[in-house]
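Heads up, the thing below is written out as structure tokens.
The values are calculated or read from the model by the stated rules, or taken from the named source; none is laboratory data. Being a predicted model, the structure only gives us computed values, none of them experimental. For neighbour counting, all protein chains shown are included, and Cβ atoms are generated from backbone atoms with ideal geometry for every residue, glycine included.
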Amino acid sequence: MIGAGIFVTNSKSHSWTQGIGGSKSLPFALCTVLACASPSLAADLKTAKGKALPPVEESSPEVPGDDIFGFTSPSDIGKPGDSGLALENDGRFGKRDGTYRVITQKLEYSRTLTDNLALAVSVFGAYHNLKNVTVQPDNRVSYQFDGLSTELTYKVLERSARNPFGVTFSIEPRWGRIDGLSGGQAQSFGAESKLFIDAALVPEKLFWALNLNYAQGAQDVIGSAGQMVRSSTSNVSTALTYAITPSFMLGAEAKYQNSYGDYFFKSAQGHAFFFGPTLFWKMNETSALNAVYLPQISGKAQATPSLSRDLDNYERAIFRLKFVTSF
């Protein structure tokens, strides 16, 4: 040890100085002590096997572990044992004509199992208010149970001094019983794969995230004699948010979606680009509120290519209001 090396060296120096004339040689003795102590100090920086200890690596600035971005999700999954309950309201409204309002509710329980793994289970409800909509001719006002899902999330990459990005992957299989556009009875089975990436651009102030999502599934409309209809969707979203205070953030989000009439990006049906503001409020240590409103800026439907925007497969605007509590 360092202390032991100095003690032994001091003892030897004391005997040696006494032998050459006592206190008159004290400055020279102190220099000898330091020279002898230096190898001891260096030796203490070695392990028992003689290898140098690795340097302590500083972590990169963190992104807050909440839904601070809007539809775009952060990479954080929490700490082992963390649990949460979330009520998510995803709304879509506006076609070319008539009244079209749809809200999908998702009640989710989540739990972090390990440092890198989290699990969630969800139950869905669907509200439809449709009247005189050309692309959905059935008028309807209803609220119905709309199935279940599970989601497994894995932390792929942790932030570090050399890597400012957090990366997480998840997959969410889902069973549904309501057609999302018309509100009619249907049986559907699908799964969505999601990649979440985020970083702190300015520590504790400005945060960025990117999501890459791909979902595919099959649906059988109850009462129809046809085969199950296959479809798939892709989604790329990115968001910035700025912390006005540690508990209140404002930002902006962009979202680009494509719909297909088959699996693996086959038979394109249309695409739409959405952009708008986001808000996050951390109400207390355990509860938070997330809100986002994104109007459709541009798009194109394959069935009506001469018309601006895709209002066959998508809506004039989408929004989310999400309340989360952790315990």
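When the residues of region 120-162 are filtered to those that are part of a strand (DSSP E or B) and of a type in the set (Asp, Glu), the one that is surrounded by the most Cβ atoms within 10 Å (Cβ to Cβ) is Asp146.
The requirement of being outside the structural domain of Ala161 (by TED's automatic domain parsing), modelled with pLDDT of 80 or more and over 27 Å from Ser188 (Cβ atoms) is fulfilled nowhere in region 29-40; no residue meets it. Inspection of region 176-186 finds a residue satisfying the criterion of being at pLDDT 90 or above, farther than 18 Å from Ser259 by Cβ and out of contact with any Lys or Arg (no Cβ under 8 Å at 6 or more places or on another chain).
Annotation note: of Arg174, Arg230, the sole residue that is over 25 Å from Ile77 (Cα atoms) and crowded, with 16+ Cβ neighbours inside 10 Å is Arg230.
Assessment of region 236-254 against the conditions (under 16 Å from the mean Cα position of the chain (by Cα), assigned by TED's automatic domain parsing to the domain that holds Ala218 and of a type in the set (Asp, Glu)) yields at least one matching residue.
Annotation: of all residues in region 279-303 being touching a Leu at 6+ places or on another chain (Cβ under 7 Å) and not small (Gly, Ala, Ser), the one that is farthest from Glu253 (Cα to Cα) is Met283. Note on region 159-172: residues that are more than 10 Å from the chain's Cα centre (by Cα) and closer than 14 Å to Pro64 by Cα total 3.
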